[in-house]
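All remarks here apply to the structure that follows.
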Amino acid sequence: QEELVESGGGLVQAGGTLNLTCAASPAFFTIGPMGWYRQASGKERELVATISAGGMTDYADSVKGRFTISRETKKFVYLHMNSLKLDDTAVYYCYAQVWEYQESTTPRDYWGQGTQVTVSS
């Protein structure tokens with residue numbers, strides 16, 4: 001079943017904007033940090049932005065000032081992408097640190113299936 005799902009990817013012109021959404025399963029007991037990573041064709045996956053359960057954010061230098069990560073009810077995370085560049089083209093993945101059950105003593109890493117973002121000139 002879908003436990004961490006991204007949406008909002010698509011085709012956008014350079015200089016445009018796009019908004020990504022990640023929804024975590026309501027069955028998860030609690031979720032710690034969440035974030036967005038991306039992987040361009042032929043390149044390694046890289047961190048884009050993270051947000052803690054308390055709302056503390058961090059951004060890769062390449063997107064700082066252009067992208068904004070936000071969170072709602074600790075099970076939804078968003079990425080607002082502004083002033084998109086050709087180099088932003090990649091598959092974007094949602095990440096979450098999850099305690100699945102009330103009895104869980106250690107968190108596990110969860111990844112979404114990815115959503116394609118393509119920036120055209």
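Within region 28-44, track down each residue that is surrounded by fewer than 15 Cβ atoms within 10 Å (Cβ to Cβ) and under 15 Å from the mean Cα position of the chain (by Cα).
GLY32, GLN39, ALA40
Looking at region 1-20 only, could you name the residues that are farther than 16 Å from ASP88 by Cα and either assigned to a loop (DSSP other than H, G, I, E, B) or open to solvent by less than 50 Å² (accessible area, probe 1.4 Å) (or both)? Outline the logic, then answer.
Start the filter on region 1-20 by keeping residues that are farther than 16 Å from ASP88 by Cα, which leaves 1-7.
Matches in region 1-20: GLN1, GLU2, GLU3, LEU4, VAL5, GLU6.
Please verify whether SER25 is out of contact with any strand residue (DSSP E or B) (no Cβ under 6 Å at 6 or more places or on another chain) and under 13 Å from ALA96 (Cα atoms), treating the condition exactly as stated. Please lay out each step first, then the result.
Values: out of contact with any strand residue (DSSP E or B) (no Cβ under 6 Å at 6 or more places or on another chain): yes; under 13 Å from ALA96 (Cα atoms): yes.
Judged against the criteria, SER25 is a match.
State whether one or more residues within region 45-62 are in contact (Cβ under 8 Å) with a residue 60 or more places away in the chain, buried (at least 17 other Cβ atoms within 10 Å of the Cβ), assigned to a strand (DSSP E or B) and in contact with a Phe, Trp or Tyr (Cβ under 8 Å, 6 or more places away or on another chain).
no
Does THR68 qualify as being open to solvent by 60 Å² or more (accessible area, probe 1.4 Å) and out of contact with any Ser or Thr (no Cβ under 9 Å at 6 or more places or on another chain)?
Considered against the rule, which asks whether it is open to solvent by 60 Å² or more (accessible area, probe 1.4 Å) and out of contact with any Ser or Thr (no Cβ under 9 Å at 6 or more places or on another chain), THR68 comes out as no.
The values are calculated or read from the model by the stated rules, or taken from the named source; none is laboratory data. Small disclaimer: the values here were computed from a predicted structure and weren't measured. Don't worry about glycine lacking a Cβ; one is built from the backbone with ideal geometry, like all the others, and counts go over all protein chains shown. Each accessible area value is taken on the protein alone, full model and side chains, heavy atoms only, with ligands, DNA and RNA left out. Shrake-Rupley method; radii C 1.70, N 1.55, O 1.52, S 1.80 Å.
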